[in-house]
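This report concerns only the one structure given below.
The values are calculated or read from the model by the stated rules, or taken from the named source; none is laboratory data. Model, not experiment: these values are computed from the prediction. Here the Cβ positions follow ideal geometry from the backbone for every residue, glycine too, while neighbour counts run over all protein chains shown.
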Amino acid sequence: MTITFIGHGYVGLVTAAVFADLGNTVYCVGRNPEKINNLKKGLTPFFEPGLEELVKKNLEQKRLIFTLDYQEAIPEADVVFICVGTPSLPSGEADLSAVFKASEEIAKNLKGYTVVACKSTVPVGTNRRVAKILEKGKKKDVKFDIASCPEFLKEGTALHDTQNPDRIVAGADSVKALDVLEELHKPINSIFLRTTIETAEMIKYGANTLLAAKISFANSMSFLCDIVGADIEQVMEGIGLDNRIGKQFLAAGVGYGGSCFPKDVKALVAMTKRYKTPGMLFEAVEEVNQIAHEHFFQKVKKYFHNDLKGKKITLWGLAFKPDTDDMRDAPSLPIIKSLLNEGAKVVAYDPKAVENAKKSLGEKYAIEYTPDAYSACAGTDALLIVTEWNEFKQADLEKVKKQLKKPVIFDGRNIYEAKKVKELGFEYYGTGK
Ligand code: UGA
């Protein structure tokens, strides 16, 4: 088939590369000339394991075409996927302007029957608004169907998730559109769930909010564990071993971040406000997450007798999770801001996210960055672990101890065994332990 992706973020680019690799002819349309030029050379605009290799391979085999031109990419397509960003507006609602702009461009260039499927995370009702834009902007005799095809990939494991999804959800009125989408997904061995458009839109928000709720539940339990002397990891293991609950997404830490959970929970809350339904459960998920960042910071502050002035603090990890350079809504950001606001100095190391961290923090929150994990500990008062990169798990803690002014670790991701670290002579503060 010939498929077009509008957008080259995590969803658009990863899915485009995977479908090209399955033998389809794939166009990927962007609006930024510099990014499209780089993509034509096989250079991806963000770090995702294995992605650059897959893009290069499919560019060489001429199955993957990057372009700025809708006129080149839309007319031949059997399916057009909208994969543009839907960031939060100040009200918490999703900003749909990029979705509607893309729809106008698609409308102008439709030729022959096309399925227009939205992969962007959009509130209920959005796809029907897309249909209206297409209807209004297209040539008179051109036929199309719309579908909602939410994406469930995770950053850091995006290729694997796309090639091996737990399920594919497709919502549409038209059986023909669903048949086209099922045919396209045939080489991917998974469950193909046919729904209505509204149901598919709700599945995406529900899935992300329930996953975020599991994390906020674990974090709420960890606040208590910190005080009563229970061990959060064993507590959640004991809970998660119940098959009805499951073991995943129960790791307590410094709170969830990224480009999805924070914005999608906010958008679901905004939907409950719009339709005046009780949204307190979803609001609590968001509130606990803010408290999780703050709880970690307060633990550090308390250790220094509420006086962080002049203290030098090392942060290991800046990205919102390992194996990505993404800093959007990363928990490291509020933690760094709180430390700086209290007069501390921050020295940070992250294997991939430093450039994006500089942009996110701006000049107002300037911190020092080091090229490796050990030099970030030179002469500092404490080590804070904020992102659980693998290289921290096997770090030489004897070396770390020699570098630090005082051997104290605040482990926001519970990557170390308390007993072992204490035996090495560290003061150790885990999360919920
Ligand atoms: C999330 C969902 O997991 C994907 O299914 C979804 O497709 C995606 O959002 C999206 O809507 O596009 P992602 O944000 O890439 O994926 O990353 P996750 O692995 O879900 O992690 C999100 C945050 O939760 C991270 O900050 C992570 O550290 C945190 N987390 C995760 C925890 O604090 N505890 C856990 O047990 C799991």
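Just the residues that are within 14 Å of LEU339 (Cβ to Cβ) and among the small types (Gly, Ala, Ser), please, taken from segment 377-409.
Answer for segment 377-409, where residues must be within 14 Å of LEU339 (Cβ to Cβ) and among the small types (Gly, Ala, Ser): just ALA382.
Here is a list of conditions, (1) free of Cβ contacts under 8 Å to residues at least 24 places away in the same chain; (2) more than 12 Å from the ligand (Cβ to nearest atom); (3) surrounded by 13 or more Cβ atoms within 10 Å (Cβ to Cβ), and LYS186 meets all of them except one; can you say which number that is?
The one condition LYS186 does not meet is (3).
Looking at ASN208, ASN243, which one is near the ligand (Cβ under 9 Å from one of its atoms) and modelled with pLDDT of 95 or more? Show your work before the answer.
Numbers: ASN243 fails: near the ligand (Cβ under 9 Å from one of its atoms).
Result: ASN208 is the single residue among ASN208, ASN243 that is near the ligand (Cβ under 9 Å from one of its atoms) and modelled with pLDDT of 95 or more.
Can you tell me which residue among ALA330, ALA292, ALA270, ALA284 is away from the ligand (no atom under 15 Å from the Cβ) and either touching a Gly at 6+ places or on another chain (Cβ under 6 Å) or at positive phi (or both)?
Numbers: ALA330 fails: away from the ligand (no atom under 15 Å from the Cβ); ALA292 fails: away from the ligand (no atom under 15 Å from the Cβ); ALA284 fails: either touching a Gly at 6+ places or on another chain (Cβ under 6 Å) or at positive phi (or both).
Every option except ALA270 fails the conditions.
Cβ contacts < 6 Å: first residue basic (Lys, Arg), restricted to segment 309-327; second residue in a loop (DSSP other than H, G, I, E, B) and away from the ligand (no atom under 15 Å from the Cβ), any location; separation 6+ or different chain. Result?
Note: pairs meeting the criteria are LYS309/GLY343; LYS311/PHE304; LYS311/ALA344; LYS311/ASP381; LYS312/THR380; LYS312/ASP381.
Could you tell me whether segment 184-195 includes any residue that is out of contact with any Asp or Glu (no Cβ under 6 Å at 6 or more places or on another chain) and within 18 Å of GLY258 (Cβ to Cβ)? Steps first, please.
Quick first cut of segment 184-195, residues out of contact with any Asp or Glu (no Cβ under 6 Å at 6 or more places or on another chain) only: 184-191, 193-195.
Now restrict to residues that are within 18 Å of GLY258 (Cβ to Cβ): none.
So far as segment 184-195 goes, no, none of its residues is out of contact with any Asp or Glu (no Cβ under 6 Å at 6 or more places or on another chain) and within 18 Å of GLY258 (Cβ to Cβ).
Is it true that LEU89 is within 21 Å of GLY9 (Cα to Cα), touching an Asp or Glu at 6+ places or on another chain (Cβ under 9 Å), of a type in the set (A, V, I, L, M) and surrounded by 14 or more Cβ atoms within 10 Å (Cβ to Cβ)?
Numbers: within 21 Å of GLY9 (Cα to Cα): yes; touching an Asp or Glu at 6+ places or on another chain (Cβ under 9 Å): yes; of a type in the set (A, V, I, L, M): yes; surrounded by 14 or more Cβ atoms within 10 Å (Cβ to Cβ): yes.
When the stated conditions are applied, LEU89 passes them.
Answer yes or no as to whether ASN109 is in contact with a Pro (Cβ under 9 Å, 6 or more places away or on another chain), in the same structural domain as GLY7 (by TED's automatic domain parsing) and not aliphatic (A, V, I, L, M).
Working: in contact with a Pro (Cβ under 9 Å, 6 or more places away or on another chain): yes; in the same structural domain as GLY7 (by TED's automatic domain parsing): yes; not aliphatic (A, V, I, L, M): yes.
Considered against the rule, which asks whether it is in contact with a Pro (Cβ under 9 Å, 6 or more places away or on another chain), in the same structural domain as GLY7 (by TED's automatic domain parsing) and not aliphatic (A, V, I, L, M), ASN109 comes out as yes.
From the set of residues in segment 397-416 that are part of a loop (DSSP other than H, G, I, E, B) and under 30 Å from the mean Cα position of the chain (by Cα), which is surrounded by the most Cβ atoms within 10 Å (Cβ to Cβ)? First the steps, then the outcome.
Initial filter on segment 397-416 (part of a loop (DSSP other than H, G, I, E, B)): 404-407, 412-416.
Narrowing further to those that are under 30 Å from the mean Cα position of the chain (by Cα): 412-416.
Working: GLY412: 31, ARG413: 24, ASN414: 20, ILE415: 21, TYR416: 20.
So, considering only residues that are part of a loop (DSSP other than H, G, I, E, B) and under 30 Å from the mean Cα position of the chain (by Cα), the one surrounded by the most Cβ atoms within 10 Å (Cβ to Cβ) is GLY412.
Does GLY42 satisfy the condition of being at pLDDT below 95 and outside any helix (DSSP H, G or I)? Walk me through how you get there before you give the answer.
Numbers: at pLDDT below 95: no; outside any helix (DSSP H, G or I): yes.
In short, no.
State yes or no: is ILE215 of a type in the set (Val, Ile, Thr) and not assigned by TED's automatic domain parsing to the domain that holds LEU89?
Working: of a type in the set (Val, Ile, Thr): yes; not assigned by TED's automatic domain parsing to the domain that holds LEU89: yes.
Judged against the criteria, ILE215 is a match.
Please go through segment 110-145 and give me each residue that is within 25 Å of the chain's Cα centre (by Cα) and polar (S, T, N, Q), ordered by number. Break it down stepwise before answering.
We begin by selecting, within segment 110-145, every residue within 25 Å of the chain's Cα centre (by Cα); these are 116-127, 130.
Across segment 110-145, the qualifying residues are SER120, THR121, THR126, ASN127.
Could you check how many residues of segment 143-162 are under 20 Å from THR4 (Cβ atoms) and surrounded by fewer than 17 Cβ atoms within 10 Å (Cβ to Cβ)?
1
Give the residues of segment 224-235 that are within 24 Å of LEU281 (Cα to Cα) and away from the ligand (no atom under 14 Å from the Cβ), sorted by residue number.
Selection gives LEU224, CYS225, ASP226.
Any idea which residue in segment 108-127 is farthest from ASP326 (Cα to Cα), counting only those that are more than 16 Å from the ligand (Cβ to nearest atom) and part of a strand (DSSP E or B)?
Of everything passing the filter in segment 108-127, THR114 is farthest from ASP326 (Cα to Cα).
Can you find a residue in segment 199-206 that is touching a strand residue (DSSP E or B) at 6+ places or on another chain (Cβ under 6 Å), in contact (Cβ under 8 Å) with a residue 12 or more places away in the chain, crowded, with 22+ Cβ neighbours inside 10 Å and not assigned by TED's automatic domain parsing to the domain that holds PHE19? Show your work before the answer.
Within segment 199-206, the first condition is being touching a strand residue (DSSP E or B) at 6+ places or on another chain (Cβ under 6 Å), and the residues that meet it are 199-201, 203.
Filter once more, keeping what is in contact (Cβ under 8 Å) with a residue 12 or more places away in the chain: 199-201, 203.
Still in the running and crowded, with 22+ Cβ neighbours inside 10 Å: 200-201.
Of the ones still in play, those that are also not assigned by TED's automatic domain parsing to the domain that holds PHE19 are 200-201.
Yes.
Take the conditions surrounded by fewer than 19 Cβ atoms within 10 Å (Cβ to Cβ) and closer than 29 Å to MET271 by Cβ and apply them to ASP95. Does it pass?
Values: surrounded by fewer than 19 Cβ atoms within 10 Å (Cβ to Cβ): yes; closer than 29 Å to MET271 by Cβ: yes.
So ASP95 passes the test.
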